[in-house]
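Everything below concerns the one structure shown next.
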Amino acid sequence: MRIFKSFFSSLIILSLISCSDIENESSIQVESPEKSNAVYFELSEKGQPQYWVKHNDKLIIDKSNLGFDFKNKNVFTEPFTIKNTKKISVDEEWEMPWGEQRTVRNNYNELKVELENNSKQLVNLYFRAYEDGVAFRYEIPQQGGLKSLIIDDENTEFQLTGNHTAWWIPGDWDIYEHLYSTTKVSEINAKSYADDDNLAQSHIPENAVNTPVTMRTDDGVHLSFHEANLTDYAGMTLKVDTTTFKLTSELVGSDRTNYKVYRNLPIKTPWRTLQIADEAKDLIDSRLIVNLNEPNKLGDIDWFTPQKYVGIWWEMHVDKATWDYGMTMNENGQWIDTGQAHGKHGATTENTKRYIDFAARNGIKGVLVEGWNTGWERWIGFQDREGVFDFVTPYPDYDIKELSDYAESKDVELIMHHETSAAPRTYEKQLDKAFQLMNDMGMHVVKTGYVGKIIPKGEYHHGHWMVKHYRKVLETAAKYKVAINAHEPIKATGIRRTYPNAVSREGLRGQEFNAWASDGGNPPEHLPIVAFTRMLAGPIDFTPGIFDIKLPTKPDNQINTTLAQQLALYVVLYSPIQMAADLPENYENQPAFQFIRDVGVDWEQSITLNGEVGDYVTIARQERKTGNWFIGGITDENDREITINFDFLEDGKTYEAKIYQDAENTHYKDNPTAITIKSTEIKKGSSKTFQLKEGGGFAISLIQKEK
Ligand code: NOJ
Ligand code: CA
C-alpha cells in the first residue's frame, strides 16, 4: 500500500473500490472511461494468469498468458489464486514542459489484481484501460524469503485475432536502423535481415520484431504494440508465431551474464502497451506512452530551449570533410600530432564560425559540431575502442573556448557531441568531466552516439546493462543541466515525461542513410510508415532539410523525396530540436529556406488531419507563444491529392499563409527540387486541395495577421 500511495500521490483518485465478491465471476474486467476498450483477467484452471482485450465489444486480443521464466529455483512455480483486486479511476491533466501539445489529459480506469501461491509468493498485475488503448505491467513486491530475481525471460503473450497487416522492423538487439517491411503477420521473417550490410552491429536471434510495431486488422482497426517506462529492465522484442499469429515477449539478453534481467525486489516491469485506433491518424495523437510514465522529476528545465540547429555533420556524411584530423596514438594510448593532418577535417575553428554566423543570420539557435575531439582515427572498425575518446580534448585546430565565446556573442549555442563508439564504460568514467566542460562552455545539449558492437563483448544496445547505462547518462546530465539527444539509443518509452532532458533520439533509419546506404537510401514510403510506428514512441532526431537532393558528391545516392517534402518533415516528424541538416551554402538564395526560418519547434497543440500507414500523412501544429500554425503533408512513391479543411483555426482570425508545394513537373527521382511557393490569406472554414507528386509533400506556414 505504501508503494502504491507514493507512486500515485500526484494523481486525482476519484474512487477506490475493493472487490471481494470475485468468486462468482470467472473473469474480472476493467473498461475505459468511455467504454471503447476493456481488458479482462482470469486465472486458468491451473492458476495461470490470463487476459484478453475487447475494442468496441469486439475481441481484439484473444486469451493470452502472462508469466516469466526465472533462474531462481522454486519461485512462482505453483498455481496462483487471487488474493484481492482493487479498481481506481483517474482523470487528471499535466503540462508538457515542451512537446506536441501543452496540456495532456490522463484519463483511465485501472484494475490491480493481487496474486498469491501456496508458498505465499506474491505478484501483482496492473491493467489500465484508456480510450486510446490498454496497458499492463507486473509488480513483484517485497516479500519474505525472496530478495532478488534472475529473469531468463518474460513470457507475455498477445494472441492476435487474425492474420493482420503489419509494419515491422526486425527484433534486432543492437540497432533499430532498419527499413520497415509491410507484410501479413504470417509472412514476418525477421531473421533474414541479420546480414544487412549497412548494419555491422545487427544481432537478430529470433523471428521477432522491435516495437513499436503497428498492425491493421481486416476490419480496419489499427493496433500498435510497444512498452512504456522502460526502467532497470531489458528492452522487449516480440517473437512472432507465423501460424498461430501469437506474439510473445522476448527480452533482449546478454551473452556475458546468461540471463536477461537481474533485479532486487520490489520490481515493477515496464508497461506492455497496446494503442488502439479506428483510424490510423488517431494513433499519432495518442499520448498513452507518456501518460504511463511518472511525472516530471526535474521540475522547470528553463535552461533547455526547444530549437532548430545546424551543424558540422552532413559534410562528413557526403564525404566533403572528415571527423578525424589525422593524429596517431602512441603506445601509452595518447594521441599525438605527428604533422600528418590531411586537411579535410570538418570541425575547425574557422568552419565552426561559418556555421555560427549562418545560424545567427537565420534565427537558428544551435550549432552541432562533430569531430571536435581526439579519437576519430580509431572510432570505427576497431576491436579495442576503450579509452579512445575522452570527450574533453579538442583537436589542435579547434579552439573550444574561443568558439563558445563567439557563439555567445551571437546568441547561438554550441551543441556538444559525444560519440562513445559503443564503449560505455569509458564514457561513464568521464561523464562528470565531460558535462562539466559543457557547463564551462555554456552548452546545454549533447548528441550522444553508440556506433558499433558494445564493449564489453556479449552486451547488446537494448539489454538490461545498457538500459541502465542510458539512464545513468540521462540522470547525470540532468544534474549538469544538460539535455540528451541520443543516437543508437535505447528506444523511447515516454521517459521524457519524467526526465524532460531526454529531448530527442535517433533509433530509426535517419537521413544519414540517404547519403551512404548501399541500397540507395530510404525509399519514399519510409517516413509515411515511421510516422505511425517509431514516432509513436517519442521525438525523432531525423535531421530533415536537405536541399541539394541529388548529392553531387555521392553518385550512387540521393534523397528519395522532393524538396517540398523535406520542408513538410519539420511538422510531420516531431522533435523539440530540429536540424537544418544541409550545408549552409546549399541554403543560400533558396526561397524555400524561409519555411525553415519560420517553422516552430514547440507546440501548443498538434492535430493529425489524415493519413494511412505507409501511404501519406498530414499534421497541423500550433506554435506555443505565437499561436501560429504550421502544416506538413507527405506522400509515398505515389502522387495524390490532399484536401485540408482549416476548421481548426481560430474563429475571426486571418492568417497570412505561405504554401510550399511540389510543382507540376516535380518528381522525387528526376526533378526533386522543383517547388511552387505561393502566399494567400486563410481563415477558419476555408478548404484547399493540394497536389502531392511522387515522393512529394507540402508545407504551410500560417502566420496570424495583426488586426
Ligand atoms: C551515427 C549517427 O547517427 C550520426 O548522426 C553521427 O554523425 C555518427 N554516428 C558519428 O557519431
Ligand atoms: Ca545512426
Regarding the range 474-483, can at least one residue be identified that is within 16 Å of ligand 1 (Cβ to nearest atom) and either surrounded by fewer than 24 Cβ atoms within 10 Å (Cβ to Cβ) or among the basic types (Lys, Arg) (or both)? no
The condition from (1) in a loop (DSSP other than H, G, I, E, B); (2) more than 26 Å from PRO524 (Cβ to Cβ) that ILE703 misses is numbered (1)
If we keep only residues of the range 415-429 that are more than 16 Å from ligand 1 (Cβ to nearest atom) and within 26 Å of the chain's Cα centre (by Cα), then the residue most open to solvent (accessible area, probe 1.4 Å) is ARG425
Check: Is at least one residue of the range 533-547 surrounded by fewer than 24 Cβ atoms within 10 Å (Cβ to Cβ), over 24 Å from TRP168 (Cα atoms) and more than 16 Å from ligand 1 (Cβ to nearest atom)?
Finding: yes
Here, strands (runs of 3 or more DSSP E) confined to the range 618-685 with at least 3 residues that are open to solvent by 60 Å² or more (accessible area, probe 1.4 Å) and either modelled with pLDDT under 95 or over 17 Å from GLY696 (Cα atoms) (or both) are 675-683
Filtering the range 432-456 down to residues that are over 26 Å from the mean Cα position of the chain (by Cα) and aliphatic (A, V, I, L, M) yields LEU437, MET441
GLU331 passes all but one of the listed conditions (1) farther than 30 Å from LYS554 by Cα; (2) surrounded by fewer than 20 Cβ atoms within 10 Å (Cβ to Cβ); (3) modelled with pLDDT of 95 or more; the exception is number (3)
Going through the range 462-499 in order, the residues found to be within 16 Å of ligand 2 (Cβ to nearest atom) and more than 15 Å from the chain's Cα centre (by Cα) are MET466
Per the filter on the range 449-461, residues on the phi < 0 side of the Ramachandran plot and within 13 Å of ligand 2 (Cβ to nearest atom) are GLY449, TYR450, VAL451, HIS461
If we ask which residues in the range 353-371 are open to solvent by less than 30 Å² (accessible area, probe 1.4 Å), closer than 23 Å to GLY449 by Cβ and touching a residue at least 60 places away in the same chain (Cβ under 8 Å), their number turns out to be 5
How many residues of the range 139-153 are farther than 30 Å from LEU283 by Cβ and either open to solvent by 10 Å² or more (accessible area, probe 1.4 Å) or among the small types (Gly, Ala, Ser) (or both)? The answer is 10
If I filter the range 609-616 for residues that are assigned to a loop (DSSP other than H, G, I, E, B), aromatic (Phe, Trp, Tyr) and under 22 Å from the mean Cα position of the chain (by Cα), do I get at least one hit? no
Those residues of the range 362-410 that are more than 16 Å from ligand 1 (Cβ to nearest atom), of a type in the set (A, V, I, L, M) and within 27 Å of the chain's Cα centre (by Cα) come to a total of 1
Over the range 100-138, the set of residues of a type in the set (Asp, Glu), open to solvent by 10 Å² or more (accessible area, probe 1.4 Å) and assigned to a strand (DSSP E or B) is GLU114, GLU116
Reported set for the range 504-529 where residues are closer than 24 Å to GLY463 by Cβ and among the hydrophobic types (A, V, I, L, M, F, W, C) is LEU508
Out of (1) among the hydrophobic types (A, V, I, L, M, F, W, C); (2) under 21 Å from VAL388 (Cα atoms); (3) away from ligand 2 (no atom under 16 Å from the Cβ); (4) open to solvent by less than 10 Å² (accessible area, probe 1.4 Å), the one VAL446 does not meet is (3)
Over the range 393-414, the set of residues within 24 Å of ILE336 (Cα to Cα) and open to solvent by 10 Å² or more (accessible area, probe 1.4 Å) is THR393, PRO394, PRO396, ASP397, TYR398, ASP399, ILE400, LYS401, GLU402
Restricted to the range 334-352 and to residues being β-branched (Val, Ile, Thr) and touching a residue at least 24 places away in the same chain (Cβ under 8 Å), the residue surrounded by the fewest Cβ atoms within 10 Å (Cβ to Cβ) is THR349
| Are any of the residues in the range 438-460 closer than 24 Å to PHE225 by Cβ and either within 16 Å of ligand 1 (Cβ to nearest atom) or at pLDDT 95 or above (or both)? | yes
In the range 490-511, anything more than 10 Å from ligand 1 (Cβ to nearest atom), part of a loop (DSSP other than H, G, I, E, B), more than 10 Å from ARG534 (Cβ to Cβ) and not small (Gly, Ala, Ser) is listed as ILE490, THR493, THR498, TYR499, PRO500, ASN501
task: Using the structure shown, decide if HIS487 is surrounded by fewer than 24 Cβ atoms within 10 Å (Cβ to Cβ) and within 16 Å of ligand 1 (Cβ to nearest atom).
output: yes
Being more than 15 Å from THR328 (Cα to Cα), free of Cβ contacts under 8 Å to residues at least 40 places away in the same chain and of a type in the set (Ser, Thr, Tyr) is the requirement here; does SER421 meet it? no
If you go through THR183, THR156, the only one that is under 28 Å from VAL221 (Cβ atoms), hydroxyl-bearing (Ser, Thr, Tyr), open to solvent by less than 30 Å² (accessible area, probe 1.4 Å) and without any contact (Cβ under 8 Å) to a residue 24 or more places away in the chain is THR183
When the range 512-526 is checked residue by residue, the ones that are more than 10 Å from ligand 1 (Cβ to nearest atom), outside any loop (DSSP other than H, G, I, E, B) and open to solvent by 10 Å² or more (accessible area, probe 1.4 Å) are TRP516
Does GLU694 qualify as being at pLDDT below 95 and not in a strand (DSSP E or B)?
no
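The values are calculated or read from the model by the stated rules, or taken from the named source; none is laboratory data. Because the structure is a prediction, the values reported are computed rather than measured. Heads up, the Cβs are rebuilt from the backbone with ideal geometry, glycines too, and the neighbour counts pull from every protein chain shown. Surface areas here come from the heavy atoms of the whole protein model, side chains and all, with no ligands, DNA or RNA. Shrake-Rupley method; radii C 1.70, N 1.55, O 1.52, S 1.80 Å.
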